[in-house]
Amino acid sequence: MVGKWALNHEPYYLHNFVQSTFNAFSAEKIKGSILVVSGDGRYYSKDAIQIIIKMTDANGARRIWVGQNGLLSTPAVSAVVRERVGADGFKENGAFILTASHNPGGPNEDFGIKYNMENGGPTPKGVTDKIFENTKTIKEYFIDEGLPDVDISTIGVSSFSSPDGKFDVDVFDAASGYVKLMKYAITM
């Protein structure tokens, strides 16, 4: 679905993919929503997280959840999305997962990005097709360059003023929820 941005060093590939993903949904779906961004911590992940945070704000979302240090496995991201849907009265929208397990790129194919839906599962083919088509015609992307980089190593919520009101970055303990889920799964 996605190209090899880091492998080819094409400028703004990440921006293109993220905006094309936002554009695949209605503005009403994004506005006021919560997204998740995290990954396996490989090449470019921490930089990519900062870009995605700023683009999420500029596209009108209300909050973004980030696993501490940007670390969260693909199954853990899915668990977080499912567990936190509707939390704090916000609508969940999905997750950007940074992992070379999907669409590998980077100098040694150690960076990748994919999007999971609000149910924690993979994006359906119709949506991935729309994202791909958007990547071929995109003319602009939205990013809040005034938003400072967020310390993703410290658990807590950072709140910012944004064009759409308030924007929160919630850095959470990535392991505790997943351990809880695994304990529950073992008892099933």
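Just a few scattered comments:
- For the stretch 21-172, accessible area per residue (1.4 Å probe, heavy atoms of protein chains only), Å²: 43
- Once backbone amide H atoms are built at 1.01 Å from N, residue 39 has 71, 72, 98 as its partners under 5 Å, excluding neighbours fewer than 5 places away on the same chain.
- Cross-link table 139/166; 114/136; 29/114; 29/130; 54/166, entries beyond 21 Å C-alpha to C-alpha: 139/166
- Those residues of the stretch 153-168 whose amide nitrogen sits under 20 Å from the label point placed on residue 140, 7 Å along Cα→Cβ: 162-165
The values are calculated or read from the model by the stated rules, or taken from the named source; none is laboratory data. Keep in mind that what you see is a predicted model, and the values were worked out from it rather than measured. Using ideal geometry, Cβ is built from the backbone for each residue, glycine included, and neighbour counts are taken over all protein chains shown. Areas reflect the complete protein model, heavy atoms only, side chains present, ligands, DNA and RNA absent. Shrake-Rupley method; radii C 1.70, N 1.55, O 1.52, S 1.80 Å.
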